């Protein structure tokens, strides 16, 4: 009987040790991970990057994009958000162009009238 009592005690001690180790490891695994970064003068962040750095075109850059596409006499009609609308002339027609300023693309062209 002492042998079975001794082996039962050892088994209970090993079980309690393993259970205690498992319970103490859980909070360390579940703890939140923190990171930080700081701003350097040239506009870059040091630290992890979560999104690509996207910069939208300025009005001047939008005007150049439209001019390179063959339009002139460019007038801004809507500058809210990333979608910009302009009126411009090409040949003998007036057009309304819709530009995605963050992607740098003309997304829609509507012919308005003939001059």
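Read-outs: derived from the displayed coordinates by stated rules, not from any lab. Since we're looking at a predicted model, the values are computed, not measured. Positions of Cβ are backbone-derived with ideal geometry, glycine not excepted, and every protein chain shown enters the neighbour counts.
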Averaging sequence separations of C-alpha pairs under 8 Å and six or more residues apart, then dividing by the length of the stretch 59-114, give the relative contact order as a whole percent.
25
Could you order peptides 5-12, 59-66 by the average number of other Cβ atoms within 10 Å of their residues, highest first?
59-66, 5-12
How do 71, 95 line up, fewest other C-beta atoms within 10 Å first?
95, 71
Quick one: 99, 106, fewest Cβ neighbours within 10 Å first, how do they rank?
106, 99
Please work out the Kirkwood hydrodynamic radius for the stretch 59-114, using every pair of different C-alpha atoms, and report it in angstroms with one decimal place.
11.0
